[in-house]
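The values are calculated or read from the model by the stated rules, or taken from the named source; none is laboratory data. Being a predicted model, the structure only gives us computed values, none of them experimental. Positions of Cβ are backbone-derived with ideal geometry, glycine not excepted, and every protein chain shown enters the neighbour counts.
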Amino acid sequence: MRVLLFHGYMLRGTGSNIYNANLAPALARLGHEVHLVCQDREVEIPGVKIHNPDIGGLLPVYVKDPYPGFEVKTFDELTDAELDRYLDANVAAVQEVAARAGGIDAALANHLVMGPAILARADVAPFAAKIHGSALEYTVKPHPRFLPYAYEGMAAAQGVLVGSAHTAESLWEALPDLPELKAKTRLGPPGVDVDEFQPRAAEGDAGSAAAPVRTPEAGGRTVVFVGKLIVSKGVDLLLAAWPLVRARHPEARLRIAGFGAYEDGLRRFQAALDRGDLADARAVAAAGWGLEGGEAKPLPILSAFLADPPAGYADAARAAAGSVAWLGRLEHDEVAALLPRAEALVMPSTFPEAFGMVAVEAAACGALPVSAGHSGMREVSRRLAAALPASVAPLTSFPVEPGAVEAIADRLVRWLELPEATRAEARATLVATVARHWSWEGVARGVLDAAAGNLGGLPLPAA
């Protein structure tokens with residue numbers, strides 16, 4: 001079968017990029033001829049033909065980040081003429097790929113906009129749409145200008161895949177005038193390469209993964225964050241919680257992997273904590289979204305915590321100085337080397353997430369994922385918690401509300417203080433649960449079924 005994947009971005013870094021970088025070879029391993037339409041000009045995938053449409057150097061995105069070689073604008077910043085040029089260029093490119101391939105049998109469009117509208121206009125094959133969340137939450141819902149494109153794409157898709165019931169509900173709420181949408185929406189979360197993301201082998205084992213220079217040193221107790229450094233990822237909550245963890249575990253280390261517009265604000269916040277300067281820390285919390293480049297808007301949970309911190313918090317913050325390191329942007333293989341060296345990963349997003357991908361990857365490596373208790377992250381936590389011992393299950397999730405800082409610290413401390421036998425059992429359970437529920441070949445088969453409209457065997461989103 002000739003399969004086309006439309007993804008207008010890179011193949012490294014963010015969740016949707018990694019999704020396509022893994023889905024394409026999984027389809028190839030199943031014996032299909034795979035054509036991946038994207039903007040990555042550096043990555044090669046064995047068995048996959050990569051095509052790069054000429055979009056004139058202007059790359060529309062949902063959340064602004066620098067991409068070398070491109071002029072980057074968020075979709076809402078585009079003029080009508082720029083948007084039309086982007087659509088036309090991609091439609092023409094898809095049609096050209098299909099013609100050269102001798103036809104396409106099935107296709108997948110990524111994101112709510114503009115991938116589905118592009119495949120609808122190209123009309124080269126029946127297709128499924130994969131809703132990753134960012135286009136829905138950052139572009140379509142806040143900017144009604146893009147609703148017609150979302151409706152166009154969803155009407156044409158044979159099946160619509162979402163990573164979680166939360167994303168399904170958000171999609172249906174955003175597009176109420178498409179009554180058939182709910183009937184053709186199915187659960188289609190990402191997968192995990194369990195050959196790449198696996199527990200660390202014993203020291204001296206020739207099969208153990210070599211750690212990149214920027215990953216944590218061997219030994220010790222390391223907690224990690226992996227993701228975009230933007231306000232909505234809630235990294236400041238983890239940084240605020242860290243002195244409480246270090247007060248109980250002075251040997252523990254925190255490693256922050258990622259990049260984004262809020263990095264300077266986060267580094268300023270961390271520097272304030274290192275000095276015990278709670279006045280400056282409060283100033284960061286008060287500026288909030290303004291430190292990401294938008295309008296100043298306070299961070300309510302962080303502000304509430306800093307307004308009345310625990311006794312001795314400033315001293316604990318000073319004592320924790322030097323225990324936090326910033327790793328910068330890691331490629332996916334570097335993340336796969338980082339996670340097996342971690343005791344736990346924290347995913348503290350305050351904004352809805354379509355799926356808790358990094359939490360699943362951490363679990364595959366035997367690191368406890370501690371995730372915010374909402375949206376797609378909560379569904380991952382529930383699946384993992386159902387298999388874990390009673391003493392561990394509650395540690396996988398925390399409520400994003402006043403008290404979240406203390407809740408993060410509490411879960412990390414409790415995990416680190418469990419008997420080693422209990423933690424070893426939990427780590428083995430996490431690894432086995434991921435292997436049982438998430439695999440890329442299974443994801444690939446679901447995509448093909450959705451593209452063909454064969455939805456009967458695909459799970460319905462269920463809260």
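Observations, loosely collected:
Here's the yes/no breakdown for (1) at pLDDT below 95; (2) under 20 Å from the mean Cα position of the chain (by Cα); (3) surrounded by fewer than 24 Cβ atoms within 10 Å (Cβ to Cβ); (4) of a type outside the set (Asp, Glu):
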position: LEU327; (1), (2), (3), (4): no, yes, yes, yes
position: GLY376; (1), (2), (3), (4): yes, yes, no, yes
position: VAL380; (1), (2), (3), (4): yes, yes, no, yes
position: LEU384; (1), (2), (3), (4): no, yes, no, yes
position: ALA387; (1), (2), (3), (4): no, no, yes, yes
position: GLY403; (1), (2), (3), (4): no, no, yes, yes
position: ALA407; (1), (2), (3), (4): no, no, yes, yes
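- Single residue of region 30-70 satisfying the filter (in contact with a Ser or Thr (Cβ under 8 Å, 6 or more places away or on another chain) and closer than 19 Å to ILE18 by Cβ) that is modelled with the lowest pLDDT: VAL63
- Unmet criterion (only one of (1) part of a loop (DSSP other than H, G, I, E, B); (2) more than 17 Å from the chain's Cα centre (by Cα); (3) of a type in the set (D, E, K, R)) for GLU353: (2)
To keep it simple, each residue is scored yes or no on (1) touching a helix residue (DSSP H, G or I) at 6+ places or on another chain (Cβ under 8 Å); (2) of a type in the set (Ser, Thr, Tyr).
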{"site": "GLN39", "(1), (2)": "no, no"}
{"site": "VAL43", "(1), (2)": "yes, no"}
{"site": "PRO53", "(1), (2)": "yes, no"}
{"site": "LEU59", "(1), (2)": "no, no"}
{"site": "TYR62", "(1), (2)": "yes, yes"}
{"site": "PHE75", "(1), (2)": "yes, no"}
{"site": "LEU83", "(1), (2)": "yes, no"}
{"site": "GLY103", "(1), (2)": "no, no"}
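- If you go through region 14-42 and keep only what is outside any strand (DSSP E or B) and touching a His at 6+ places or on another chain (Cβ under 6 Å), you end up with SER16, ILE18, ASN20, CYS38.
- Condition check for TYR262 on (1) of a type outside the set (A, V, I, L, M); (2) closer than 22 Å to ALA359 by Cα; (3) out of contact with any helix residue (DSSP H, G or I) (no Cβ under 6 Å at 6 or more places or on another chain): one failure, at (3).
- Summed over region 298-311, the residues that are of a type in the set (Gly, Ala, Ser) and either without any contact (Cβ under 8 Å) to a residue 12 or more places away in the chain or in contact with an Asp or Glu (Cβ under 6 Å, 6 or more places away or on another chain) (or both) give a count of 1.
- In region 331-346, the residues that are farther than 19 Å from LYS233 by Cα and under 15 Å from the mean Cα position of the chain (by Cα): ALA336
- Taking first residues from region 281-297 that are in the same structural domain as PRO243 (by TED's automatic domain parsing) and partners that are of a type in the set (Ser, Thr, Tyr) and buried (at least 22 other Cβ atoms within 10 Å of the Cβ), the Cβ contacts under 8 Å between residues at least 6 apart in sequence or on separate chains come to LEU291/TYR262; GLU292/TYR262.
- For the criterion of being in a helix (DSSP H, G or I) and in contact with a Phe, Trp or Tyr (Cβ under 6 Å, 6 or more places away or on another chain), VAL284 passes.
For (1) modelled with pLDDT under 95; (2) in contact with an Asp or Glu (Cβ under 8 Å, 6 or more places away or on another chain); (3) within 22 Å of ALA117 (Cβ to Cβ), each residue gets a yes or a no:
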| position | (1), (2), (3) |
| --- | --- |
| GLY159 | no, yes, yes |
| THR167 | yes, no, yes |
| TRP172 | no, no, yes |
| LEU178 | no, no, yes |
| LEU187 | yes, no, no |
| GLY204 | yes, no, no |
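- Verdict on LEU458 being over 19 Å from GLY191 (Cβ atoms) and outside any helix (DSSP H, G or I): no
- Search result, residues across region 421-445 that are within 15 Å of VAL194 (Cβ to Cβ), buried (at least 18 other Cβ atoms within 10 Å of the Cβ) and of a type in the set (Gly, Ala, Ser): ALA444
- Candidate set: region 1-53, residues that are in contact (Cβ under 8 Å) with a residue 12 or more places away in the chain and of a type in the set (Asp, Glu); chosen: the one nearest to ALA93 (Cα to Cα): ASP40
- Residue match in region 175-186 (condition: in contact with a Ser or Thr (Cβ under 8 Å, 6 or more places away or on another chain) and crowded, with 18+ Cβ neighbours inside 10 Å): no
- Of all residues making up region 1-12, the number that are in a loop (DSSP other than H, G, I, E, B) and more than 20 Å from GLY57 (Cα to Cα): 1
- Here is the figure for region 331-357: residues that are touching a helix residue (DSSP H, G or I) at 6+ places or on another chain (Cβ under 8 Å) and either modelled with pLDDT of 95 or more or within 20 Å of ARG414 (Cα to Cα) (or both) total 12.
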